[in-house]
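The values are calculated or read from the model by the stated rules, or taken from the named source; none is laboratory data. Computed from a prediction, not measured in an experiment: that's the story for all the values here. Backbone-built Cβ (ideal geometry, glycine too); neighbour counts: all protein chains shown.
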Amino acid sequence: MIKFNQQFHLRNASLADQDIIWDILQQAIKRRKEEGSNQWQDGYPNMDSIKNDIEQDFGFVLESENQILGYAAVIFEIEPAYEIIEGKWLSNQEYVVIHRVAVSEVYVGLGIATIIFQEVEKVAISKNIFSIKVDTNFDNIPLLKILNKLNYTYCGEVYFRGSARKAFQKLLK
């Protein structure tokens, strides 16, 4: 069980982590389905997504006491889907993208996804990037609550694989 005084560490994932990451993502895919969502019910993300994330240094895991608690793709490149938005981004400055956030079922409800976002903010600032963009399905209530709690601003809609998604941005300074 998580003690909230323990240390968390966000690190680049390695290929040795991919089976654990895939297990965590499968758990998240199942939770999304049980919540009645269509998000992640079409074969994405898949093992190839994870392998690609890791090989491109986009895959990150949140660890505590040598346990992987969660996963996120943290991308320090332009997201092509974000080039067209029905709405308006807060800024056009360089940004970090967060995709594929998933938490191990053992740690669901303990604030781990929030910690992942907070740790990504620290990584972005350490690289002198002061903007984060993220999108999610309209029905991903847990993530929408996290984005609200962490003061992300709703900017409009973007499209991924033919579906509209809610787009958010947070300026870090």
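Can you tell me which residues in the range 29-54 are surrounded by fewer than 17 Cβ atoms within 10 Å (Cβ to Cβ) and without any contact (Cβ under 8 Å) to a residue 40 or more places away in the chain?
If the condition is that a residue be surrounded by fewer than 17 Cβ atoms within 10 Å (Cβ to Cβ) and without any contact (Cβ under 8 Å) to a residue 40 or more places away in the chain, then LYS30, LYS33, GLU34, GLN41, GLY43, ASN46, MET47, ASP48, LYS51, ASN52 are the ones that fit.
Please count how many residues of the range 68-95 are of a type in the set (Val, Ile, Thr) and either out of contact with any strand residue (DSSP E or B) (no Cβ under 8 Å at 6 or more places or on another chain) or assigned to a strand (DSSP E or B) (or both).
So the count comes out to 4.
Only one residue in ILE98, ILE125, ILE115 is closer than 15 Å to LEU150 by Cβ, assigned to a helix (DSSP H, G or I) and in contact with a Phe, Trp or Tyr (Cβ under 8 Å, 6 or more places away or on another chain), so which one is that?
ILE115
Exactly one of (1) crowded, with 17+ Cβ neighbours inside 10 Å; (2) in contact with a Lys or Arg (Cβ under 8 Å, 6 or more places away or on another chain); (3) not β-branched (Val, Ile, Thr) is unmet by LEU62. Its number?
(2)
Taking into account only those residues within the range 158-170 that are out of contact with any Cys (no Cβ under 8 Å at 6 or more places or on another chain) and under 13 Å from VAL134 (Cβ atoms), which is modelled with the lowest pLDDT?
Taking the candidates together, the pick is PHE160.
Being surrounded by fewer than 20 Cβ atoms within 10 Å (Cβ to Cβ), over 22 Å from SER37 (Cα atoms), charged (D, E, K, R) and touching a residue at least 40 places away in the same chain (Cβ under 8 Å) narrows it down to one of GLU105, GLU121, so name that one.
GLU121
Could you check, for the range 7-27, whether at least one of its residues is among the aliphatic types (A, V, I, L, M) and assigned to a loop (DSSP other than H, G, I, E, B)?
Yes, the range 7-27 has at least one match.
Which of the residues spanning the range 73-104 are basic (Lys, Arg) and over 22 Å from ASP48 (Cβ atoms)?
The one that is basic (Lys, Arg) and over 22 Å from ASP48 (Cβ atoms): LYS88.
Residue-by-condition table, conditions (1) touching a residue at least 12 places away in the same chain (Cβ under 8 Å); (2) under 22 Å from TRP22 (Cα atoms); (3) more than 16 Å from the chain's Cα centre (by Cα):
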site	(1), (2), (3)
TYR71	yes, yes, no
LEU90	yes, no, yes
ILE141	yes, no, no
LYS170	yes, no, no
LYS173	yes, no, yes
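Could you tell me whether any residue of the range 43-63 is more than 20 Å from LEU25 (Cβ to Cβ) and at pLDDT below 95?
no
Of all residues in the range 147-171, count the ones that are surrounded by fewer than 20 Cβ atoms within 10 Å (Cβ to Cβ) and either in contact with a helix residue (DSSP H, G or I) (Cβ under 6 Å, 6 or more places away or on another chain) or of a type in the set (Ser, Thr, Tyr) (or both).
Result for the range 147-171: 6.
Test ARG11 against the stated conditions and say whether it is loosely packed, with under 15 Cβ neighbours inside 10 Å, among the charged types (D, E, K, R) and modelled with pLDDT of 95 or more.
So ARG11 passes the test.
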